[in-house]
Amino acid sequence: MHPRTCLTIVLAAGEGTRMRSPLPKVLHPLGGRPLLEHVLTTAMLAGGAEIAVVVGPDHAAVAATAQRIAPGAQIFEQSERRGTAHAVLAAKQAIARKPDDILVVFADTPLLRPETLTRLRAVIAGGAAVAVLGFTPADPNGYGRLVMRGGELVAIREQRDASADERRIGFCNGGLMALAGEHALAILERIGNANAKSEYYLTDAVAIARDMGLKALAIETGEDDVRGINTKAQLAQAEAVLQDRLRSAALEAGVTMTAPHTVFLSADTKFGRDVTIEPNVVFGPGVTVEDGAVIRSFSHLEGAHVGKGARVGPYARLRPGAELGADVHIGNFVEVKAATIEAGAKANHLAYIGDARIGAGANIGAGTITCNYDGIAKHRTDIGAGAFIGSNSSLVAPVKIGDGAYVGSGSVVTKNVPADALAVARAPQTVKEGWAKRLRQIKVLGKKKPAKPA
Ligand code: UD1
Ligand code: MG
């Protein structure tokens, strides 16, 4: 048997005005990635490569994001918001190719899981023309109600169009639907807009399919799967659900977390074996932590790679491009950006390492700063293997410190330092014997404004 072909239509034309943000609703981040990316990733896992994204006018950013995540995605524009069926029909060209299954998903429903879509597709494979994802919300207000008879779905009634009896139905439309590709276009083109909102409702596909002698079924899922996002409060609730899922997956994979509810993950955070994460750590997007590494409390990581056995924090900040080799130590109040720290190197306290390479086993003293920016451009600092940078040194980039070289504390290094050399770049110390004692004697003599001793 051939694998069934599938077209997923993602409706991303939402206006999102209740988010009170210039950012299109479906580009708001959840678990560090846009809502749209969650839905597209799920669609690719469950449906495959053929994806159509329906965007609103002036949504170039939404289209660009869709194509970045799903490079083959076809973009269709719905120029006017005239209802969910109208939006689906924007992708008519793709529907007309008659894939076996058509999935319709909303881009603002990011918690949907691939297995839920797979279940919907199975209903179509089993012979139904329409499959609807139902759920029983705590409060059904506002949702379309699923009217069931004899185990089959006979209609979906939108709240505004529902009778008092229908409004008492607790089983609601989650908004997702699968259609048999063979019949989809015929069904969709029959949908009219004679309803309370004068919109073309996708939900009418159910009654129309039945009129055509076809079968419609509903399956049930949990509320989280179909949680839609219209407000920042709903975005925060969805984030909480997603964080719980990510934490559970990390624990399941063997990550040790003593207070998982205080650790914030991104959807793409990757952990090796036996990683330990102390309380209150934030992982932005793009972080990989390898086997045996320990991330201590109050650290913030983003776009960073932490090698095997490395120790980060407490209070460390790894910014994009931080590449930590095996057994590296990055301690408290150390910030690393676009820098490779090779195996076994250490920066244990109060440092800024940006646009740099730190060779294996090098030691970066407290208060070391790579002065990478001159106000116009960024420059690189290269520190060789086994070098020792004394505390409170400023390394003015571009600059190279050779392997095994030594920089005296408090130096402002502006020139390259050869391997195994010592560089000291600070004012020489002056010592004045007895100076302090003389100062105290002048004070005792009671002069109003004592002159400082020579
Ligand atoms: C829809 C369902 C309802 C279900 C609910 C679940 C319909 C008619 N109703 O109602 O049964 O209980 O979802 O949350 O489908 N969209 C467009 N273009 C349009 C209209 C909508 O792209 O012209 C997109 C929206 O951006 C959104 C999705 O379709 O992503 C659903 O639209 P929305 O207006 O939120 O429908 P609901 O009233 O929530
Ligand atoms: Mg909605």
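Here are some notes:
- Residue match in the stretch 268-277 (condition: at pLDDT 95 or above, of a type outside the set (A, V, I, L, M) and closer than 12 Å to HIS300 by Cα): no
- Number of positions in the stretch 2-60 that are out of contact with any helix residue (DSSP H, G or I) (no Cβ under 9 Å at 6 or more places or on another chain) and at positive phi: 3
- Answer residue from the stretch 192-207, given it is not small (Gly, Ala, Ser) and not in a loop (DSSP other than H, G, I, E, B) and is nearest to ARG145 (Cα to Cα) among those: THR203
- Count - residues of the stretch 208-233 that are touching a Lys or Arg at 6+ places or on another chain (Cβ under 9 Å), at pLDDT 95 or above and in a helix (DSSP H, G or I): 4
- ALA180 more than 16 Å from ligand 2 (Cβ to nearest atom), over 20 Å from the mean Cα position of the chain (by Cα), free of Cβ contacts under 8 Å to residues at least 60 places away in the same chain and assigned by TED's automatic domain parsing to the domain that holds GLU152: no
Quick grid of which residues meet (1) part of a loop (DSSP other than H, G, I, E, B); (2) closer than 30 Å to ARG357 by Cβ:
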| site | (1), (2) |
| --- | --- |
| GLY410 | yes, yes |
| LYS415 | yes, yes |
| ASP420 | yes, yes |
| ARG426 | yes, yes |
| THR430 | yes, no |
| GLN441 | no, no |
| LYS452 | yes, no |
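- Within the stretch 228-268, considering residues that are hydroxyl-bearing (Ser, Thr, Tyr) and in contact (Cβ under 8 Å) with a residue 60 or more places away in the chain, the one nearest to ligand 1 (Cβ to nearest atom): THR231
- Strands (runs of 3 or more DSSP E) within the stretch 288-367 that include 2 or more residues surrounded by fewer than 20 Cβ atoms within 10 Å (Cβ to Cβ): 329-341, 346-358
- Members of the stretch 95-109 found to be touching an Asp or Glu at 6+ places or on another chain (Cβ under 7 Å) and either under 18 Å from ALA46 (Cβ atoms) or near ligand 1 (Cβ under 9 Å from one of its atoms) (or both), listed by number: PRO99
- Count - residues of the stretch 257-270 that are crowded, with 22+ Cβ neighbours inside 10 Å and either of a type in the set (Val, Ile, Thr) or touching a helix residue (DSSP H, G or I) at 6+ places or on another chain (Cβ under 6 Å) (or both): 3
- Residue match in the stretch 158-177 (condition: under 29 Å from ILE95 (Cα atoms), surrounded by fewer than 22 Cβ atoms within 10 Å (Cβ to Cβ) and away from ligand 1 (no atom under 15 Å from the Cβ)): no
- Condition met for ILE95 (in the same structural domain as ILE187 (by TED's automatic domain parsing), in contact with a Leu (Cβ under 6 Å, 6 or more places away or on another chain) and within 12 Å of ILE9 (Cα to Cα)): yes
- Elements of type strands (runs of 3 or more DSSP E) contained in the stretch 98-153, each with 2 or more residues being crowded, with 23+ Cβ neighbours inside 10 Å and touching a helix residue (DSSP H, G or I) at 6+ places or on another chain (Cβ under 7 Å): 101-106, 130-135
The values are calculated or read from the model by the stated rules, or taken from the named source; none is laboratory data. Because the structure is a prediction, the values reported are computed rather than measured. Neighbour counts run over all protein chains shown; Cβ positions are idealised from the backbone, glycine included.
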